[in-house]
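Step one of this worksheet: look at the structure below.
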Amino acid sequence: MLREQEDKSYEQLFILFSAKVEKIMIRVTLVFLILLISIQALLQIPYVRERLTRVELLEGKPYSSPQNYSGERS
């Protein structure tokens, strides 16, 4: 009888604890999701992207085809 009460008490404590942890995990996940969307939106602005990323400067010149392209490969 005493063992059953201890088991129930432990189960109730575990349920309370896991509910709190679950609530915290959901909030942290939502914060990170909002942060991710915000940063991705900011990276769409060229000025911000240049300031936040180092790779942007290393991209080089965009490829452009020669003006007198005849269609043949050499």
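Taking the range 23-58 as the search range and keeping residues that are in contact with a helix residue (DSSP H, G or I) (Cβ under 9 Å, 6 or more places away or on another chain) and open to solvent by less than 90 Å² (accessible area, probe 1.4 Å), which one is modelled with the lowest pLDDT? If you could, list the steps in order and put the result at the bottom.
Going residue by residue through the range 23-58, those that are in contact with a helix residue (DSSP H, G or I) (Cβ under 9 Å, 6 or more places away or on another chain) are 39, 42-43, 46, 48-50, 52, 56-57.
From what is left, the residues that are open to solvent by less than 90 Å² (accessible area, probe 1.4 Å) are 39, 42-43, 46, 48-49, 56.
Working: Ile39: 94, Leu42: 94, Leu43: 91, Pro46: 88, Val48: 90, Arg49: 88, Glu56: 75.
Top of the filtered list is Glu56.
With the checklist (1) surrounded by fewer than 10 Cβ atoms within 10 Å (Cβ to Cβ); (2) of a type in the set (Lys, Arg); (3) at pLDDT 95 or above in hand, flag the one item Lys61 doesn't pass.
(3)
Restrict the check to the range 14-22 and report whether at least one residue is over 23 Å from the mean Cα position of the chain (by Cα), assigned to a helix (DSSP H, G or I), modelled with pLDDT of 95 or more and of a type in the set (Lys, Arg).
yes
The values are calculated or read from the model by the stated rules, or taken from the named source; none is laboratory data. Every value quoted in this text rests on a predicted model; they were computed, and no experiment measured them. Quick reminder, even Gly has a Cβ in these numbers, built from the backbone with ideal geometry, and neighbours come from all protein chains shown. Accessible surface is based on the protein model in full, side chains and every heavy atom, while ligands, DNA and RNA are left aside. Shrake-Rupley method; radii C 1.70, N 1.55, O 1.52, S 1.80 Å.
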